[in-house]
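In what follows, a single structure is set out as structure tokens and then discussed.
The values are calculated or read from the model by the stated rules, or taken from the named source; none is laboratory data. Small disclaimer: the values here were computed from a predicted structure and weren't measured. Here the Cβ positions follow ideal geometry from the backbone for every residue, glycine too, while neighbour counts run over all protein chains shown.
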Amino acid sequence: MKTLLASAKHPHLVTAAIFGALALGCGAVSIAADRSDVPQAVVKFGDLNLSNPQGAATLYNRIVFAAHEVCKSFDADIRDLVSHAQLNACVHMAITDAVTKVGQAELIAVYNTRNRQPLPITVAAR
């Protein structure tokens, strides 16, 4: 089963974005060496065919949902512009890093259709 896990112990399956986004969003956040105190999300995608647009779009939607779940600590009050900006930055960074980590051309294409700043479509060597 393919799984995307936000954990530093499994870099080949990691969405390090979640950690990076939280660190950026919080300013000077100290992250523990084992990262056990950092919110994590598991995104399973073993059931998807990422070589077709439908599978890639489904994974993208799962990543977006997971990013919102992990970053929801910034979702204090929509009238609070600082926490709203932190939420948006956290979610965007988490999504971007997760898509980059997966590295599938179809997933990157989905990302590029939904974001202003596109990612280059390069498939990482495995």
query: Residues in the stretch 58-88 that are more than 15 Å from Val102 (Cα to Cα) and without any contact (Cβ under 8 Å) to a residue 12 or more places away in the chain: how many?
result: 12
task: Please state which one of Gly103, Gly55 is more than 24 Å from Pro39 (Cβ to Cβ) and either free of Cβ contacts under 8 Å to residues at least 60 places away in the same chain or over 11 Å from the mean Cα position of the chain (by Cα) (or both).
output: Gly55
task: Would you check if Ile63 is surrounded by 16 or more Cβ atoms within 10 Å (Cβ to Cβ) and modelled with pLDDT of 95 or more?
output: yes
